[in-house]
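The values are calculated or read from the model by the stated rules, or taken from the named source; none is laboratory data. Here the structure is a predicted model, which is why all the values come from computation and not from measurement. Ideal geometry is used to build each Cβ from the backbone, glycine not excepted, and the neighbour counts take in all protein chains shown. We work out accessible area using only protein heavy atoms, side chains counted, and drop any ligands, DNA or RNA first. Shrake-Rupley method; radii C 1.70, N 1.55, O 1.52, S 1.80 Å.
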Amino acid sequence: MTDSTILLVGNTMSADHQIFLTKMDTLGTVIWSRSYTADLGSGLTQSAMSVTEMLDNSIVVLGAQAGSLTSGLLLHVDADGSYIESRSIVSTDSNYDIIPIATAPLLDSTLAISIKRLDLSTGEVNPLLVKFGLDSTVYYQTVLKESTDINPTRGGFVSNDSVSASFLTSSLKIDSVTLYPYLTKVDGNGMTDCSESASFLRFDSIFFAVDTLMWT
């Protein structure tokens with residue numbers, strides 16, 4: 001964190017797999033801790049994937065919600081962990097799973113999000129880069145054209161000091177077990193010479209109940 005504290009994100013061992021955030025100092029003393037339970041409906045669980053600090057010191061958690069299908073979620077809280085807003089990241093086609101990878105803030109107070117879109121009928125994976133405002137504005141959705149050969153496995157954003165995003169990751173070729181590193185850089189409109197615009201995702205409002213989480 002910018003104030004030299006440590007922020008932990010994860011899931012509690014509860015029936016609904018609550019997301020938790022815990023802020024502590026460098027000696028491990030807890031400053032505050034919160035649990036967040038999404039109103040996801042029956043048979044759905046939630047998991048935290050990554051956490052990032054915005055330029056205004058608020059905090060965004062990128063996660064997933066899983067049931068018959070998998071979709072993403074974004075939880076936005078203030079610097080003290082109080083709830084501000086949240087969104088689910090859902091495929092516009094019900095035949096796809098949405099698997100979040102990483103998120104990072106950009107200097108214009110938007111978020112860059114990397115996502116895998118998995119076709120459940122063919123197994124094809126579309127890597128997506130999305131620029132998203134916390135007011136629900138979607139600035140672009142970019143899909144790599146050579147998506148049949150690239151399945152990003154893990155990674156993170158670099159060069160997020162502008163209004164465009166660079167995503168550095170390892171990938172798994174569909175026809176092998178070999179990992180290859182690759183770098184994707186988009187311009188301010190979300191375009192590269194190996195990508196095209198898409199409208200695969202929509203962002204829906206969801207609500208999280210917040211409670212104090214006690215640490216011993």
Solvent-accessible area of LYS23 with every protein chain in place, 1.4 Å probe, in Å² to the nearest 10: 20
Where labels lie 7 Å past Cα in the beta-carbon direction, separation of TRP215 and MET24 in nm: 0.4
Net lengthening on full extension, TYR180/GLU53 (0.36 nm per residue, minus Cα-Cα): 42.8 nm
Would you rank THR92, THR26, THR192 by solvent-accessible area, highest first, keeping every protein chain in place and using a 1.4 Å probe? THR26, THR92, THR192
Please arrange HIS76, HIS17 by accessible surface area, largest first, computed with a 1.4 Å probe and ligands excluded. HIS17, HIS76
